[in-house]
There are 2 protein chains.
Amino acid sequence: MKNITLEVKGMTCGHCKSAVNGALEELAGVERVEVNLETGKVEVGYDESKVDENKLKEAVEEQGYDVA
Amino acid sequence: MKNITLEVKGMTCGHCKSAVNGALEELAGVERVEVNLETGKVEVGYDESKVDENKLKEAVEEQGYDVA
């Protein structure tokens with residue numbers, strides 16, 4: 001499993017946290033998601049053979065947030 | 001139809017707006033809801049024979065927001 005930390009901008013509340021968490025968790029290959037609302041840091045553990053960093057970022061962006 | 005304006009605290013994003021809007025709209029007797037995210041003001045038009053101000057406030061509070 002590979003681990004990365006995404007810097008997500010614009011999450012303001014629990015709904016935002018759930019939206020980002022849910023969008024990532026539903027991707028095949030994502031094994032672990034930890035969203036920190038205060039810092040905007042989103043830790044993701046994933047199987048590199050099934051999903052890549054670009055797809056993770058796209059999933060977050062589709063929810064309306066910018067990823068640094 | 002009676003119209004009131006609730007002062008709702010803690011709405012930060014579009015999800016919050018949808019949560020408050022949805023909770024009010026699903027109450028029997030509520031005929032119009034207008035949520036202003038920037039000001040926190042929520043205008044509600046309702047049938048006084050079916051619902052009262054306390055029930056409107058409760059519906060918003062159940063979503064996790066304070067009503068002044």
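The values are calculated or read from the model by the stated rules, or taken from the named source; none is laboratory data. Because the structure is predicted, anything quoted here is derived from the model rather than measured. Using ideal geometry, Cβ is built from the backbone for each residue, glycine included, and neighbour counts are taken over all protein chains shown. Surface accessibility is based on the protein's heavy atoms, side chains included, excluding ligands, DNA and RNA. Shrake-Rupley method; radii C 1.70, N 1.55, O 1.52, S 1.80 Å.
Report the residue count in region B:1-50 for those that are without any contact (Cβ under 8 Å) to a residue 40 or more places away in the chain and not basic (Lys, Arg).
Here the count works out to 26.
Rundown of residues vs (1) acidic (Asp, Glu); (2) open to solvent by 40 Å² or more (accessible area, probe 1.4 Å), yes/no style:
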residue: B:2; (1), (2): no, yes
residue: B:12; (1), (2): no, yes
residue: B:19; (1), (2): no, no
residue: B:34; (1), (2): yes, yes
residue: B:41; (1), (2): no, yes
residue: B:51; (1), (2): no, no
residue: B:65; (1), (2): no, no
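Would you mention how many residues in region B:1-46 are within 14 Å of chain A (Cβ to nearest Cβ), assigned to a loop (DSSP other than H, G, I, E, B) and not aliphatic (A, V, I, L, M)?
5
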